[in-house]
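*Asks:* Quick one: structure below, then a few questions.
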Amino acid sequence: MKELLLILALSFTSFSFAEWPIGGKVYGKANLSLVSQDGGGTSEWNLNSNASRLGIKGESKISEELGVVYQAEYEVCIDSGDCKGQTFKQRNTFLGLKGSFGMVWAGKHDTPTKLAAKKVDLFNDLEGDIKNAFEGENRVSNVVAYTSPKMNGFSATLAMIPAEGEDVDQDGQDDTGLNDGLSYSINYTKGDLYLAIAGDQEVDEQDLVRMIAQYQIDALKLGFLYQQNEDNLGAKDESGYFVSAAYTLSADITLKAQYGAIEDDIDGDEEQTLSLGADYKLDKNTKIFIFYTNNTDSEVGLSDDEFTAFGIGMEHNF
């Protein structure tokens, strides 16, 4: 019944926005790939939905200086209809106030640390996604955040994450404060250059800092990320880097490559990810793509755990 009501609400809203001046829209992305994967002693073919989504977002003016901003976004698993037991799986959803002071907002959302990585990850939502090797790719509940206006290329976001009684720092006591978890980012953009420093404190049991850079040189876009993180108990102390490159061969074809490696400084274990691929644009909203990914986990004294994937897919944004 809940799924039916959501579908009706989305349908109604798409018509209503054409009549009511509230600045909202229905949007989404459909992404499917057919993937041959080999890992853990098994080899199989899979049809994957790759975080296909449907959402509503917009801004409603209260006055000339103040507006309400909102977004409700849900993952839709168009391969099987089952998103880990749900028809619709909640993604970034928030409500906020926006003005010359910046934006104050709250809800369930990607952390500033995750957002700061921007599009350095060229195979996001696929088997080569940075989250398969690196900590810090978190979408968390109960976010209360402030995003500053952009000034001289600089902007910043600070998010506080109340634990609501959970023991996030694992000290044996329930955490009940507003800032039990913290995430932040400081960003700078000038022309084709993007720089950021971001970090988490007691988010997903991790303390973490990232430095990110992205630069466009004619047809070539380069990305770099350096990260250090440790868990709250000190059992894991990692450092690593992630690099990517995208080259626009023509108006329709883009070649892509990325590599990342992160090592546990305590026991020497290492995770690596390598992806190669190409996109072909059918129009401004639609592309077909092909990719190869190799993810490797190396533990000292044990054989490497290797995963490979080769896939072809299609993406349409609306």
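The values are calculated or read from the model by the stated rules, or taken from the named source; none is laboratory data. The structure displayed is predicted, hence computed values, not measured ones. Virtual Cβ from ideal backbone geometry, glycine too; neighbours counted across all protein chains shown.
*Asks:* Looking at the stretch 225-244 only, could you name the residues that are among the hydrophobic types (A, V, I, L, M, F, W, C) and surrounded by 15 or more Cβ atoms within 10 Å (Cβ to Cβ)?
*Replies:* Correct list: L225, F242, V243.
*Asks:* Tally the residues that are touching a Lys or Arg at 6+ places or on another chain (Cβ under 8 Å) and assigned to a strand (DSSP E or B), restricting the search to the stretch 132-147.
*Replies:* Number of matching residues: 5.
*Asks:* Which of the residues belonging to the stretch 148-168 are surrounded by 15 or more Cβ atoms within 10 Å (Cβ to Cβ), part of a loop (DSSP other than H, G, I, E, B) and either among the aliphatic types (A, V, I, L, M) or out of contact with any Asp or Glu (no Cβ under 6 Å at 6 or more places or on another chain) (or both)?
*Replies:* Once the filter is applied, which keeps residues that are surrounded by 15 or more Cβ atoms within 10 Å (Cβ to Cβ), part of a loop (DSSP other than H, G, I, E, B) and either among the aliphatic types (A, V, I, L, M) or out of contact with any Asp or Glu (no Cβ under 6 Å at 6 or more places or on another chain) (or both), the stretch 148-168 yields S148, A163, V168.
*Asks:* I've got another one for you. Is it the case that D175 is at pLDDT below 95, acidic (D, E) and in contact with a Gly (Cβ under 8 Å, 6 or more places away or on another chain)? Spell out the reasoning first.
*Replies:* On the way: at pLDDT below 95: yes; acidic (D, E): yes; in contact with a Gly (Cβ under 8 Å, 6 or more places away or on another chain): yes.
In short, yes.
*Asks:* Name the residues in the stretch 81-131 that are surrounded by fewer than 22 Cβ atoms within 10 Å (Cβ to Cβ), out of contact with any Asp or Glu (no Cβ under 7 Å at 6 or more places or on another chain) and either among the β-branched types (V, I, T) or modelled with pLDDT under 95 (or both), would you?
*Replies:* Those that are surrounded by fewer than 22 Cβ atoms within 10 Å (Cβ to Cβ), out of contact with any Asp or Glu (no Cβ under 7 Å at 6 or more places or on another chain) and either among the β-branched types (V, I, T) or modelled with pLDDT under 95 (or both): G81, D82, K84, G85, Q86, V104, K118, K119.
*Asks:* Among the listed residues D264, D218, identify the single one that is farther than 17 Å from L122 by Cα and at pLDDT below 95.
*Replies:* Exactly one of D264, D218 is farther than 17 Å from L122 by Cα and at pLDDT below 95, namely D264.
*Asks:* Look at the stretch 22-38 and say how many of its residues are crowded, with 16+ Cβ neighbours inside 10 Å and under 26 Å from D304 (Cα atoms).
*Replies:* 2
*Asks:* Contact list please: Cβ distance under 8 Å, first residue in the stretch 294-308 and without any contact (Cβ under 8 Å) to a residue 40 or more places away in the chain and small (G, A, S), second residue in a strand (DSSP E or B) and surrounded by 10 or more Cβ atoms within 10 Å (Cβ to Cβ), pairs at least six apart or on different chains.
*Replies:* Taking only residues 6 or more apart or on different chains, the pairs are S298/E270; S298/E271; S298/Q272; S298/D305.
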